[in-house]
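Notes follow once the structure below has been shown.
The values are calculated or read from the model by the stated rules, or taken from the named source; none is laboratory data. Keep in mind that this is a model prediction, so the values were computed, not measured. Here Cβ is always computed from backbone atoms with ideal geometry, including for glycine, and neighbour counts include all displayed protein chains.
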Amino acid sequence: MTSSITHAMNSKVWFMLILLSILWGGSFFFVGIAVNELAGATNVLLVTLLVPVSAVLLGLLFLNESLALIHFLGILLIALGLSFIDGRLWLRIRSAFA
């Protein structure tokens, strides 16, 4: 079983995996510090919910992966969840119809 996984991961995939992990990890560190100073630790934790979305989009852009309906539904659910947690969008919508 291990040999089939090793053959599927060619040098391009390994390079992209290492490069994206360094870039994503480093950028999240600096974004996390900036958000923590501006909005507090709770909002830094909310940023981590974007990791699956960015993984899907980076796979689409750099690894030529295809997106299925389930990916779009997952991204939509994460976006709705973040908007409910934040609440500002829903207050704006409520005040527009009041």
*Pairs where the first residue, in the stretch 9-38, is under 14 Å from residue 62 (Cβ atoms) and the second is of a type outside the set (S, T, N, Q) and not in a helix (DSSP H, G or I), C-beta under 9 Å, 6+ apart*: 12/63; 13/63; 16/63; 17/9
*asked:* Looking at residue 66 and the list (1) surrounded by 11 or more Cβ atoms within 10 Å (Cβ to Cβ); (2) in contact with a helix residue (DSSP H, G or I) (Cβ under 8 Å, 6 or more places away or on another chain), which single condition is not satisfied?
replied: (1)
*Only one of (1) in a helix (DSSP H, G or I); (2) farther than 18 Å from residue 85 by Cβ; (3) over 13 Å from the mean Cα position of the chain (by Cα) is not met by residue 25, so which one is it?*
(3)
_residue 98, sole failed condition from (1) part of a helix (DSSP H, G or I); (2) modelled with pLDDT under 85_ = (1)
*Out of curiosity, is residue 89 free of Cβ contacts under 8 Å to residues at least 40 places away in the same chain, assigned to a helix (DSSP H, G or I) and within 21 Å of residue 43 (Cβ to Cβ)?*
yes
*Cβ-Cβ under 7 Å pairs, at least 6 apart or on other chains, the stretch 56-76 side farther than 19 Å from residue 20 by Cα and in contact (Cβ under 8 Å) with a residue 40 or more places away in the chain, far side surrounded by fewer than 14 Cβ atoms within 10 Å (Cβ to Cβ) and of a type in the set (Gly, Ala, Ser)*: none
_Can you say whether residue 77 is among the aliphatic types (A, V, I, L, M), surrounded by fewer than 14 Cβ atoms within 10 Å (Cβ to Cβ) and modelled with pLDDT of 85 or more, as far as the supplied structure shows?_
yes
*Which condition does residue 19 not pass, out of (1) part of a helix (DSSP H, G or I); (2) within 15 Å of the chain's Cα centre (by Cα), if it passes all the others?*
(2)
*Counting only residues that are under 12 Å from residue 78 (Cβ atoms), at pLDDT below 80 and surrounded by 13 or more Cβ atoms within 10 Å (Cβ to Cβ), how many does the stretch 29-58 have?*
2
